[in-house]
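The values are calculated or read from the model by the stated rules, or taken from the named source; none is laboratory data. As the structure is a computational prediction, the values presented were derived from the model and not from experiment. As a convention, Cβ positions derive from the backbone with ideal geometry for all residues, glycine included, and neighbour counts pool all protein chains shown. We work out accessible area using only protein heavy atoms, side chains counted, and drop any ligands, DNA or RNA first. Shrake-Rupley method; radii C 1.70, N 1.55, O 1.52, S 1.80 Å.
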Amino acid sequence: MLRGEVQGNGNEKINMLGKIQDAKKGQIAFLANPKYEQFIYTTQASAVIVKKDFQARKEISATLILVDDAYSSFTLLLEEYHRAISFQKSGIEEPSFIGKDSSVGKNIYRGAFSYIGSKVKIGDNVKIYPHVFVGDNVVIGNNTILHPNVKLYADTKIGSNCVIHSGTVIGSDGFGFAPQEDGSYKTIPQLGNVIIEDNVAIGANTVIDCATLFGDSTIIRQGVKLDNLIQVAHNVEIGKNTVIAAQSGISGSSKVGENNMIGGQVGIAGHLVIANNTGIGAQAGIGKSIKEEGQRIIGSPAFDVKEYFKAYAVFKRLPDLNDRLRELEKKVKELNSITERHEVEGDE
Amino acid sequence: MLRGEVQGNGNEKINMLGKIQDAKKGQIAFLANPKYEQFIYTTQASAVIVKKDFQARKEISATLILVDDAYSSFTLLLEEYHRAISFQKSGIEEPSFIGKDSSVGKNIYRGAFSYIGSKVKIGDNVKIYPHVFVGDNVVIGNNTILHPNVKLYADTKIGSNCVIHSGTVIGSDGFGFAPQEDGSYKTIPQLGNVIIEDNVAIGANTVIDCATLFGDSTIIRQGVKLDNLIQVAHNVEIGKNTVIAAQSGISGSSKVGENNMIGGQVGIAGHLVIANNTGIGAQAGIGKSIKEEGQRIIGSPAFDVKEYFKAYAVFKRLPDLNDRLRELEKKVKELNSITERHEVEGDE
Amino acid sequence: MLRGEVQGNGNEKINMLGKIQDAKKGQIAFLANPKYEQFIYTTQASAVIVKKDFQARKEISATLILVDDAYSSFTLLLEEYHRAISFQKSGIEEPSFIGKDSSVGKNIYRGAFSYIGSKVKIGDNVKIYPHVFVGDNVVIGNNTILHPNVKLYADTKIGSNCVIHSGTVIGSDGFGFAPQEDGSYKTIPQLGNVIIEDNVAIGANTVIDCATLFGDSTIIRQGVKLDNLIQVAHNVEIGKNTVIAAQSGISGSSKVGENNMIGGQVGIAGHLVIANNTGIGAQAGIGKSIKEEGQRIIGSPAFDVKEYFKAYAVFKRLPDLNDRLRELEKKVKELNSITERHEVEGDE
């Protein structure tokens, strides 16, 4: 599978993956970082994946598998292993609930206490863990995994090969209230939905609100990766392959471009457009649209990363600057009075 | 219902709401923003709501409904539509759980896997979606909606006409720990409860902790609107009609006034009092009480919005300021030595 | 139990705890803060706990209990009361689910709709509230309480005497994605687990991700207290007795020391080491390791608290500083030209 060359016992039985420092017999490990080279001579792993050109300086008891890129090869194994594990679950555990006129594909897992509403369409190989809620009219593509307690409000559309983690809520009402004369607020009904395209991963306890108007959607484009505890407000659109770290929030109607990398605890105000390939540093606050592609910004409000850190370096010394300014003012005042005296003297 | 004047076919059958750009036959749309005027001539909507004084520049095939305020009228329709939808759910889905000595009103919806504890009192027309947990002794007023997976700890009181979204937790323990001599912490039992008054809306995955002492309450006053992923700590009180955006947090025992507007990702420290009508900008940090009403503040720690942005504009140019200061210091030093020379020369 | 001396009727029946201001007959209150002394003369509480050396200035109707530290004694009572309440729940409510080869200890509570997977080991006196999900191979120690809707992914280990609040997710996938040449990302399988040691308290809707590699763990050491809505990324370790306030986030692979006190909405970047006894102020951003113990820091990026507030005080006056700098530049320019004239004149 790894297309590597085997050096040593090619019949070692491997049943698990491990780290080179503490792997045990029966496990396979990898060596990519030279810092860890020492461990290859002492590891109890049955096999180790190493780079083709690796030159052993001592005897190695483990079977070696020589490959082009040890890390990538190990990752490949991890994936296979993961796939094996995650495809274990199947069948229907009881009690579980499914409403009228709903259809499910082949090889489905429906955990106990999972709830599927009416007129729902679910593809093949979908895993619906315990306590998942799937509202009416929801559509879910093939191979998608909904971890325990994911909540999909009515009319949500989820693509294929998506993974959504526990506690995440999709399709809750957008935050829309019209102020009344008496100081109270009237709820603006939220009638749109959420569309999640293919290959999207969403962490735990994240919230994605539905769009306001009927026919409108909050849209998460294909390949987007969202971390935990993220807020995505109504009518937001997040472009292809954009990655957003934990606890960031995007306010209503903002459009985030493709291939953005957004750090943790970032806040993006409403009704903005963020260009493709923008990098936004952790805790940044974005108050206006980013029009030029490829920028790296941070701060609140955010501007160029390098400029920010230069300014911040001076910020830290502001009390000193203030003292120097005061000192200068004193000196200039003195100079002034001396010069004035001279002028007067010169006039004499 | 809209008290508008009908221009065209008054018998058009309308079964849905749409946007003027892409509405189809059978839908009703509205035109409020002149930017969209072009679409009224081409829309396939069966009817369009427009302002009374609208002057068509071309022929319009849709039936027009002339009103005072097109947007408000459309919103009214949305509300009606929403009400119709949200009142669809009723009855009891099985399996569901209800403990001893609990009473429920008329026309209730209790979703599958919903859990109601003992001695609970629930009003009329309440909707309890699947996976909702209602602890012992909880009281819920009429017409309140608990979306899938809302969790109400024991002794919580919820008013009438409230809407609480998925994953929100109400009544969890406040964060109270007493430091011990060995560096560990002892848990301070949290024995109070949470009171939510009427007409409160709470988003998804928000948390409201109970008060510490028995008989005390964390209180959310009538008309308050809380967004998603908000933290409300023990013994907090939030005043009437205050609106708080997503991911903000209010620390223990702080009292937030009425009609505040608080942006996203704001942090308010503990034991503070925030005056009525305060506006707090996104990502602000509030470290001391706000005594004067009607202020607009931002920053961490927060101060007047206009002053903040003026200061921040200079912050961005701090490296330049620093250079100018250094330059001045050099010049003043030179001037100083010249002047000293002059003084000496003058003395000669 | 309080080892206090009783002054007055030693046979008062107490069935509840209350506050001195509004306690009623049958309740016990305490007086620790002299500010509240006035209430001891009017309280209807049946008994009041006071400090040994308390000197009444008027007549008191309540029975007094004289102790060394009134607040601590009251807290002790609170704890007893709490224990009494929280040990009420026991037995198995149906429907509930338990998989193959799982074992549970004595005196367990398993709420309705709770889900326990296969090969799970649960200790004595554990409380598993409704809608809790316990994945395969999970281990839970004695006396631990899982509030409604806690989600434990497969392989999680929880110690004894832990309390975890509603909606908290433990063991979800770390946020790991390998960029591909076409701009998309490949998911890096997350195969480690989470270990929570003894006496840990975790708030509501918090998320703790599992470690990436098989055999690795995200670790929360004994005595740690985490508030609500906190993000703990893959491979993080949090040291003994560290306390973290709501909405803070710790990025992948960072190691937080022992006895840290971390405020709300703090962000800690990845791969850092934070020394023991560090105090981190609310909303701080930590971008590099903290090596020296006992520091108090704030700001983003964070530095010494006192220095930060000094710098921030000047920040608020930056427009003024800028004006003064400009003024000085003008004056120095004038001085310069005068001095040059003098020099020229002097040369004549």
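Starting from region A:60-83, keep only residues that are within 14 Å of A:Gly8 (Cα to Cα), then list their pairs with residues that are small (Gly, Ala, Ser) and in a helix (DSSP H, G or I) whose Cβ atoms are within a distance under 8 Å, requiring at least 6 positions of separation or different chains.
The qualifying pairs are A:Ile65/A:Ser73.
Looking at B:Gln180 and the list (1) at the interface with chain C (Cβ under 10 Å from one of its Cβ atoms); (2) of a type outside the set (D, E, K, R); (3) closer than 25 Å to C:Gln21 by Cα, which single condition is not satisfied?
With respect to (1) at the interface with chain C (Cβ under 10 Å from one of its Cβ atoms); (2) of a type outside the set (D, E, K, R); (3) closer than 25 Å to C:Gln21 by Cα, B:Gln180 is out only on (3).
Considering only residues of region B:276-288 that are within 12 Å of chain C (Cβ to nearest Cβ) and in a strand (DSSP E or B), which is nearest to B:Leu229 (Cα to Cα)?
Filtering first and then ranking leaves B:Gly285.
When you look at B:Lys310, is it under 30 Å from A:Lys330 (Cα atoms), surrounded by fewer than 22 Cβ atoms within 10 Å (Cβ to Cβ) and more than 12 Å from chain A (Cβ to nearest Cβ), yes or no? Give the derivation first.
Details: under 30 Å from A:Lys330 (Cα atoms): yes; surrounded by fewer than 22 Cβ atoms within 10 Å (Cβ to Cβ): yes; more than 12 Å from chain A (Cβ to nearest Cβ): yes.
So B:Lys310 passes the test.
Restricting region C:263-275 to residues that are away from chain B (no Cβ under 12 Å) and outside any loop (DSSP other than H, G, I, E, B), which is farthest from B:Glu181 (Cα to Cα)?
C:Ile268
Just to be sure, is C:Phe133 surrounded by 24 or more Cβ atoms within 10 Å (Cβ to Cβ), aromatic (Phe, Trp, Tyr) and at the interface with chain A (Cβ under 9 Å from one of its Cβ atoms)?
yes
Going by the structure shown, is C:Val139 on the phi < 0 side of the Ramachandran plot, of a type outside the set (Phe, Trp, Tyr) and open to solvent by less than 10 Å² (accessible area, probe 1.4 Å)?
no
Touching a Phe, Trp or Tyr at 6+ places or on another chain (Cβ under 6 Å), part of a strand (DSSP E or B), facing another protein chain (nearest Cβ under 10 Å) and without any contact (Cβ under 8 Å) to a residue 60 or more places away in the chain - does that describe any residue in region B:147-161?
Yes, there is a match, as at least one residue in region B:147-161 is touching a Phe, Trp or Tyr at 6+ places or on another chain (Cβ under 6 Å), part of a strand (DSSP E or B), facing another protein chain (nearest Cβ under 10 Å) and without any contact (Cβ under 8 Å) to a residue 60 or more places away in the chain.
Being under 16 Å from the mean Cα position of the chain (by Cα) and either acidic (Asp, Glu) or buried (at least 24 other Cβ atoms within 10 Å of the Cβ) (or both) is the requirement here; does C:Leu152 meet it?
No; evaluated as a whole, the condition is false for this residue.
Filter region A:219-232 down to the residues that are among the aliphatic types (A, V, I, L, M) and open to solvent by less than 10 Å² (accessible area, probe 1.4 Å), then identify the one that is farthest from the other protein chains (Cβ to nearest Cβ).
My answer is A:Ile220.
Name every residue in region B:52-96 that is at pLDDT 90 or above and within 11 Å of chain A (Cβ to nearest Cβ), in order of residue number.
Once the filter is applied, which keeps residues that are at pLDDT 90 or above and within 11 Å of chain A (Cβ to nearest Cβ), region B:52-96 yields B:Glu93, B:Glu94, B:Pro95, B:Ser96.
Among the listed residues C:Lys316, C:Lys291, identify the single one that is at the interface with another protein chain (Cβ under 7 Å from one of its Cβ atoms) and charged (D, E, K, R).
Answer to the check: C:Lys316.
Can you pull out the residues in region A:166-177 that are more than 7 Å from every other protein chain (Cβ to nearest Cβ) and either surrounded by fewer than 23 Cβ atoms within 10 Å (Cβ to Cβ) or modelled with pLDDT under 95 (or both)?
Initial filter on region A:166-177 (more than 7 Å from every other protein chain (Cβ to nearest Cβ)): A:168, A:170-171, A:174, A:176.
Selection gives A:Gly174, A:Gly176.
Please report, ordered by residue number, the strands (runs of 3 or more DSSP E) entirely within region B:1-111 with at least 1 residues that are within 30 Å of B:Val163 (Cβ to Cβ) and either open to solvent by 20 Å² or more (accessible area, probe 1.4 Å) or in contact with a strand residue (DSSP E or B) (Cβ under 9 Å, 6 or more places away or on another chain) (or both).
B:27-30, B:47-51, B:63-67
Can you give me the number of residues within region B:179-218 that are of a type in the set (A, V, I, L, M), open to solvent by 30 Å² or more (accessible area, probe 1.4 Å) and not in a loop (DSSP other than H, G, I, E, B)?
Here the count works out to 1.
Among the residues of region A:206-220, are any of a type in the set (Phe, Trp, Tyr), in contact with a His (Cβ under 9 Å, 6 or more places away or on another chain) and in the same structural domain as A:Gly281 (by TED's automatic domain parsing)?
At the first step, the residues of region A:206-220 found to be of a type in the set (Phe, Trp, Tyr) are A:214.
Filter once more, so that each one left must be in contact with a His (Cβ under 9 Å, 6 or more places away or on another chain): none.
So far as region A:206-220 goes, no, none of its residues is of a type in the set (Phe, Trp, Tyr), in contact with a His (Cβ under 9 Å, 6 or more places away or on another chain) and in the same structural domain as A:Gly281 (by TED's automatic domain parsing).
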